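These notes concern the structure reproduced below.
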Amino acid sequence: MFMQWTEKIRHIKILLVVSAVAIAVASLVVSNALVSDLQEGERADMEVWAEAMRSFNNADENTDLQLVLKVLEGNNTIPLVVLDSKDEVYTYRNLQLSATDASDTLSEVREKAFAMRNANNFIRIDLLGDSITPPDYLEVCYDESVMIHRLTIYPYVQFGVVLIFVLVAIFALLSSRRAEQNKVWVGLSKETAHQLGTPISSLMAWVEVLKESYPEDALIPEMGKDVSRLQRIAERFSKIGSLPECKPENLSEVVEHVVEYIGKRTSNKVVLTTQMPSQPLIVNICAPLFEWVIENLCKNAIDAMEGKGSIRLVAREEEDVFSIEVSDTGKGIAKNKMRTVFKAGYTTKARGWGLGLALCKRIVEQYHNGHVFVKNSELGRGTTFRIELKKH
């Protein structure tokens, strides 16, 4: 049920993100369509302006010069340069020029005109000539107006703003979810430690009574060990939510201690082996919490092997980290589930809560500044989990 609710929330978030991106893309498409329409409108305006220029240069007594000049003077937005047949500047309008000298200005205007012509933004005007010389012509080279340039850039700016908003929203959702999960973790852990405290104290007292009554019984010391184990588990839960007290510990001894405990309480069909270096692996850890990590990985391995197989624990000192690898011969993990296994609520067991690996990840990464991950896994052959702790 928990996983179904988590998946539902995740799907809703994905839907909201996709919707926001779709709106931004649709806005981009619509804006580009509007810009295209405006570009066509400016092209039509320039054709009218070019025709007015042709009428002005070919004017006779029947030409309405007042109307022609009104059209020519009416363009105050579209940059244009008129070149003659020798590529000399005939006239220009609405250009933003940086040159101050007259000759430099003409050179800059010609460069802009050539750039406009290369972009295929020009209209040729044929002028009337006499019977000896062929008709001359002018070329009206033009560029898009400032408004068109702004409208062309605006959709991409809008898309960027929407994208930033989506990223901020995702970050806020993840942060709020993480904070809520932290509260659940801490509350559950503290309450568990509190509830275990009273019966553990009572059991410790009964064990002492049994020791006095039956001093020769070999089972009573084992009961005492299990009660001490319960006390240690309660201590682990009480440490969740507060900064653990890390101190130098021999990593090999911590692992061996867990293997010794698990080995006595599991089936004879499960073989646990260790490979530890001869020299101590001294690292700053909170031993009760870190033992919990190794124990959870071993118990998950036993469940994956269905109580039959082998588990191998290897600890070593590498160049930058201390590493521990826990390998089993279980059923393995599918590649698309290797990241999911560490999420709270994910489990393959019928009665599991799916908190073991999530707790391992939290203890290793948040409390010990380390890293835990699935190093490799093959269906039907087994899985290897790897823990890395930075050297201090």
Here the residues within the stretch 7-58 that are of a type in the set (Gly, Ala, Ser) and more than 30 Å from residue 145 (Cα to Cα) are 19, 20
Can you give me the number of residues within the stretch 13-55 that are closer than 30 Å to residue 175 by Cβ and either open to solvent by 90 Å² or more (accessible area, probe 1.4 Å) or of a type in the set (Gly, Ala, Ser) (or both)? 9
If residue 272 satisfies every condition in (1) open to solvent by 70 Å² or more (accessible area, probe 1.4 Å); (2) outside any helix (DSSP H, G or I); (3) of a type in the set (A, V, I, L, M) but one, which is the exception? (1)
Tell me, please, whether a residue that is modelled with pLDDT of 90 or more and either closer than 27 Å to residue 363 by Cα or open to solvent by 10 Å² or more (accessible area, probe 1.4 Å) (or both) can be found in the stretch 228-249. yes
Expected single match for part of a loop (DSSP other than H, G, I, E, B), farther than 27 Å from residue 39 by Cα and polar (S, T, N, Q) among 100, 77, 105 is 100
Please enumerate the residues belonging to the stretch 26-65 that are in a loop (DSSP other than H, G, I, E, B) and without any contact (Cβ under 8 Å) to a residue 24 or more places away in the chain. 59, 60, 61, 62, 63, 64
The listed residue being farther than 18 Å from residue 122 by Cα and among the hydroxyl-bearing types (Ser, Thr, Tyr), out of 77, 91, 63: 63
Please indicate, with yes or no, whether at least one residue in the stretch 278-295 is farther than 16 Å from residue 250 by Cα and touching a strand residue (DSSP E or B) at 6+ places or on another chain (Cβ under 9 Å). no
Return the pair list, or none, for Cβ contacts closer than 7 Å from residues in the stretch 245-258 that are touching a residue at least 60 places away in the same chain (Cβ under 8 Å) and over 12 Å from residue 315 (Cβ atoms) to residues that are of a type in the set (Val, Ile, Thr) and buried (at least 21 other Cβ atoms within 10 Å of the Cβ), at least 6 apart or on different chains. 246/285
Would you mind telling me which numbered condition in (1) open to solvent by 40 Å² or more (accessible area, probe 1.4 Å); (2) free of Cβ contacts under 8 Å to residues at least 24 places away in the same chain; (3) touching a Phe, Trp or Tyr at 6+ places or on another chain (Cβ under 9 Å) residue 68 fails? (1)
Subset of the stretch 276-325, residues among the small types (Gly, Ala, Ser) and closer than 14 Å to residue 364 by Cα, comes to 287, 323
I'd like the residue in the stretch 303-340 that is touching a helix residue (DSSP H, G or I) at 6+ places or on another chain (Cβ under 8 Å) and aliphatic (A, V, I, L, M) and, out of all such residues, is surrounded by the fewest Cβ atoms within 10 Å (Cβ to Cβ). 333
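Matching residues to (1) modelled with pLDDT of 90 or more; (2) under 21 Å from residue 237 (Cα atoms):
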residue	(1), (2)
334	no, no
337	no, no
342	no, yes
360	no, yes
363	no, yes
377	yes, no
392	no, no
Which is touching a Lys or Arg at 6+ places or on another chain (Cβ under 9 Å), more than 23 Å from residue 148 (Cα to Cα) and surrounded by fewer than 13 Cβ atoms within 10 Å (Cβ to Cβ), of 88, 61? 88
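The values are calculated or read from the model by the stated rules, or taken from the named source; none is laboratory data. Small disclaimer: the values here were computed from a predicted structure and weren't measured. In this analysis, Cβ positions are derived from the backbone assuming ideal geometry, glycine residues included, and neighbour counts consider all displayed protein chains. Each accessible area value is taken on the protein alone, full model and side chains, heavy atoms only, with ligands, DNA and RNA left out. Shrake-Rupley method; radii C 1.70, N 1.55, O 1.52, S 1.80 Å.
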